[in-house]
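**Student:** Following this message is one structure expressed as structure tokens.
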Amino acid sequence: MGYNVGLDIGVASVGWSVVDDHNRLVRKKGKNLIGVRLFESATTAADRRTYRTTRRRLARRHWRLGLLNELFAPALAQTGDTEFLHRLQYSWVHPDDAANHNNWYQGSLFGNNDADKAFYQKYPTIYHLRAALMQDPKQHDLREVYLAIHHLMKYRGNFLMNAAELNLAAVFDVQAFGEALQMLDPEYVINNPNQLVASLVDTKLNRTARVEAARELVNIDKRVAKEIFNALVGLNVNAANLFGRKVVGDEAKPWKFNMNNADIDEKLAIVSDLLNDADLSSVLYSLKDAFDGLTLQMLLKGKPSLSAAMVAGYEAHKQNWAYIKAHGRTRENKVAVNAAHKQLLSDNPDEHAKGLKAMLAALDGVVPADVLADFELADNSDNFLPRQRTKANGTIPVQLHAEELKAIIANQSQYYPFLQDTYVDEKGIAQNKLMGLLKFRVPYYVGPMVVGQNAKGRDQANHWMVRKSAAAITPWNFKQVIDTDESAKKFINAMISTDTYLFGEPALAKHTPTYEKYNVLQELNNVRLNGKRLDVSFKQAIFDEVFTENSKVKLEDVAAFLMSKYGLKGELSGLANSENKFNSNLFLRKNIRLNVDITTILSTYKYIWGHLGTWDYSFNNSMVFSLSLISRSFSKWA
């Protein structure tokens, strides 16, 4: 008897049945052959990737601090305190830890309690020490210099800004922000850029008032402007309103976010996927850049350095808490005030808001109303019981720390000459070793600093670094020891998957001339003029003269072109997009600018041009490196 097997394959189950040629269930051993197999659905590697990234980041920090110790060890040994680094290394040891009993130093920093007490009285926080070393040209204890530089190296900030030095007045690039707004609508204009920045960082206004003030300084749809400036000041944002998407119910949840959320990167990635538009995603991420820039400006509070701002915050917290203890905390509300103070120290925005509400409620009737109003207003700009360690510190760029390191070296190198030790970089220029250590980061396309065959465990295949020599890797010899070009090529090859139609063939990148042309022509083939397909010559002309000149093309652009060039008019239809715009474009041709004729590139360097999109994507738009890679490897690929 013939039989047929039917499968219903889902993400967490497989349904199956067996029927005969007459579509009747087959029975076997007294049972109908039908059922379902349940299993756990697949999960993404996001959590595993996060843990792996954290492990690498901490390992590289440990490596960086180890190199710092090597630089300081000889000089510290000459000071007479030969166990200073050893005490720091084992500062975690508990007195009851029998295995490390010989490494227990009673938690002492300088070897005796009197010296420790004097140090902490003079420098209540590490930022007090950093500020003093920046401002005071007198000789300081080398151990103090080490502690300050150690802190700089350990928490060195982000690398999101490309400038070698930072202009504190321009951390929020209002011009770039204005250009991003015009990607939403060419009519969107900032009327007074300087006043806009001043309004957004005005500590005399709460966040809502700052949004209202900013809305009056731009020529933008009021509903859209509200969402834009909510994002910039850290209020809740509904991206569906910002980008004109109509969603209701549960569909609206993924569109909502707050720039202060700990998982903001994941939330922005979700919204970007929902937008499915490169330009709109660019606008979305420009809001994050603007928020970070404004947060940094408010974090510095007009101070000349990060440490100066942190010291000012410490003093403000001290004064606020002293006032509350002296004038607001009573025997009746002591428990409530202390609990609210603890909540206010939370880095969670919701917990912090609850703490503020509880504190104001506990002090109501005890402290004058105008003082409570000042406290609430100050909290809007993080000036009420300010904290030194918050999520906002993630916006601090490495350039700020570099400026402080430069000042410390300038003041103390006359007493400790090794602080000025240099190395020669790949360009043949002498650079300060400490500055090079601070600013160095392993390029992501090099990956883990382990050669594949030496890697341990199942992750062996995910190492692609290529060495030039077996010497120990340091920030000062990185380019001499690591072949970054070969490592980059292996990284690209590891990123390219195989085609789903042509098995075994490498897949094309989204932004390659061949694939972009295919997508554009595929949409053009569906366009109808008065119900009829366009002539091939018309489609070619549209491709050559409309798509190559515009990053976004709408049906009205095509209609205007046909009318101006051929005198044709009528109703155009056939696009799947409800807004009558093409989903595809010629991104690569439009965005990559080279000082040669485009036709020459397409005809002469077809292979390289075809792979340029892949390299650009893999190197995160680092076209400088991509072009360098091309020039060095042209003889192999041409």
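The values are calculated or read from the model by the stated rules, or taken from the named source; none is laboratory data. Please read these numbers as outputs of a predicted model, since none were measured by experiment. Positions of Cβ are backbone-derived with ideal geometry, glycine not excepted, and every protein chain shown enters the neighbour counts. What goes into the accessible areas is simple: the full protein's heavy atoms, side chains included, and nothing from ligands, DNA or RNA. Shrake-Rupley method; radii C 1.70, N 1.55, O 1.52, S 1.80 Å.
**Student:** So residue 413 passes all but one of these: (1) exposed (fewer than 14 other Cβ atoms within 10 Å of the Cβ); (2) more than 21 Å from residue 127 (Cβ to Cβ). Which condition number does it fail?
**Tutor:** It fails just one condition, (1).
**Student:** Among (1) of a type in the set (S, T, N, Q); (2) open to solvent by less than 90 Å² (accessible area, probe 1.4 Å); (3) over 38 Å from the mean Cα position of the chain (by Cα), which single condition is residue 125 missing?
**Tutor:** (3)
**Student:** I'm trying to understand the selection: among the residues of the stretch 36-50, which are at pLDDT 90 or above and either among the charged types (D, E, K, R) or surrounded by fewer than 11 Cβ atoms within 10 Å (Cβ to Cβ) (or both)? Steps first, please.
**Tutor:** Going residue by residue through the stretch 36-50, those that are at pLDDT 90 or above are 36-39.
Within the stretch 36-50, 37, 38, 39 qualify.
**Student:** Could you figure out which of (1) within 22 Å of residue 342 (Cβ to Cβ); (2) touching a strand residue (DSSP E or B) at 6+ places or on another chain (Cβ under 6 Å) isn't true of residue 376?
**Tutor:** With respect to (1) within 22 Å of residue 342 (Cβ to Cβ); (2) touching a strand residue (DSSP E or B) at 6+ places or on another chain (Cβ under 6 Å), residue 376 is out only on (2).
**Student:** Restricting the search to the stretch 1-26, which residues are under 28 Å from residue 41 (Cβ atoms), in a loop (DSSP other than H, G, I, E, B) and open to solvent by 70 Å² or more (accessible area, probe 1.4 Å)?
**Tutor:** 11
**Student:** Okay, next question. Hey, can you tell me all the residues within the stretch 466-485 that are in a helix (DSSP H, G or I) and either in contact with a strand residue (DSSP E or B) (Cβ under 7 Å, 6 or more places away or on another chain) or surrounded by 16 or more Cβ atoms within 10 Å (Cβ to Cβ) (or both)?
**Tutor:** Matches in the stretch 466-485: 478, 481, 484.
**Student:** I'm trying to understand the selection: among the residues of the stretch 524-556, which are in a helix (DSSP H, G or I), of a type outside the set (Val, Ile, Thr) and buried (at least 18 other Cβ atoms within 10 Å of the Cβ)? Step through it out loud before you land on a result.
**Tutor:** Initial filter on the stretch 524-556 (in a helix (DSSP H, G or I)): 524, 536-547, 555-556.
From what is left, the residues that are of a type outside the set (Val, Ile, Thr) are 524, 537-541, 543-545, 547, 555-556.
Hits for the stretch 524-556 are 524, 538, 547, 555.
**Student:** For the stretch 532-554, what are the residues that are of a type in the set (Gly, Ala, Ser) and farther than 10 Å from residue 585 by Cβ?
**Tutor:** Once the filter is applied, which keeps residues that are of a type in the set (Gly, Ala, Ser) and farther than 10 Å from residue 585 by Cβ, the stretch 532-554 yields 537, 541.
**Student:** Is it the case, given these coordinates, that residue 280 is open to solvent by less than 50 Å² (accessible area, probe 1.4 Å), within 15 Å of residue 227 (Cα to Cα) and not basic (Lys, Arg)? Reasoning before the result, please.
**Tutor:** Details: open to solvent by less than 50 Å² (accessible area, probe 1.4 Å): yes; within 15 Å of residue 227 (Cα to Cα): yes; not basic (Lys, Arg): yes.
Yes: the conditions hold for residue 280.
**Student:** If we scan the stretch 238-261, do we find a residue that is closer than 18 Å to residue 294 by Cα, under 20 Å from the mean Cα position of the chain (by Cα), open to solvent by 60 Å² or more (accessible area, probe 1.4 Å) and not small (Gly, Ala, Ser)?
**Tutor:** no
**Student:** For the stretch 367-401, which residues satisfy the criterion of being surrounded by fewer than 19 Cβ atoms within 10 Å (Cβ to Cβ) and of a type in the set (D, E, K, R)?
**Tutor:** 370, 374, 376, 387, 389, 391
**Student:** For the stretch 350-358, check the following and say yes or no: at least one residue is open to solvent by 40 Å² or more (accessible area, probe 1.4 Å), of a type in the set (A, V, I, L, M) and at pLDDT below 90.
**Tutor:** Yes, the stretch 350-358 contains a residue that is open to solvent by 40 Å² or more (accessible area, probe 1.4 Å), of a type in the set (A, V, I, L, M) and at pLDDT below 90.
**Student:** So residue 72 ticks every box in (1) within 30 Å of residue 416 (Cβ to Cβ); (2) touching a His at 6+ places or on another chain (Cβ under 9 Å); (3) modelled with pLDDT under 90; (4) not acidic (Asp, Glu) but one. Which box is left unticked?
**Tutor:** (3)
**Student:** Those residues that are open to solvent by 60 Å² or more (accessible area, probe 1.4 Å) and in contact (Cβ under 8 Å) with a residue 12 or more places away in the chain, I need them from the stretch 557-569; list them, please.
**Tutor:** 565, 566 - these are the residues of the stretch 557-569 that are open to solvent by 60 Å² or more (accessible area, probe 1.4 Å) and in contact (Cβ under 8 Å) with a residue 12 or more places away in the chain.
**Student:** Do you know which residues across the stretch 77-110 are under 25 Å from residue 418 (Cα atoms), of a type outside the set (Asp, Glu), open to solvent by 50 Å² or more (accessible area, probe 1.4 Å) and not in a helix (DSSP H, G or I)?
**Tutor:** Listed by number, the residues that qualify are 79, 80, 82.
**Student:** Moving to a separate point now. When you look at residue 220, is it touching a Phe, Trp or Tyr at 6+ places or on another chain (Cβ under 6 Å) and open to solvent by less than 50 Å² (accessible area, probe 1.4 Å), yes or no? Working first, answer last.
**Tutor:** Values: touching a Phe, Trp or Tyr at 6+ places or on another chain (Cβ under 6 Å): yes; open to solvent by less than 50 Å² (accessible area, probe 1.4 Å): yes.
Yes: the conditions hold for residue 220.
**Student:** Shifting gears a bit: List the pairs whose first member sits in the stretch 242-258 and is without any contact (Cβ under 8 Å) to a residue 12 or more places away in the chain, whose second member is open to solvent by 20 Å² or more (accessible area, probe 1.4 Å) and of a type in the set (Asp, Glu), and whose Cβ atoms are under 9 Å apart, counting only residues at least 6 apart or on separate chains?
**Tutor:** Within 9 Å, no pair qualifies.
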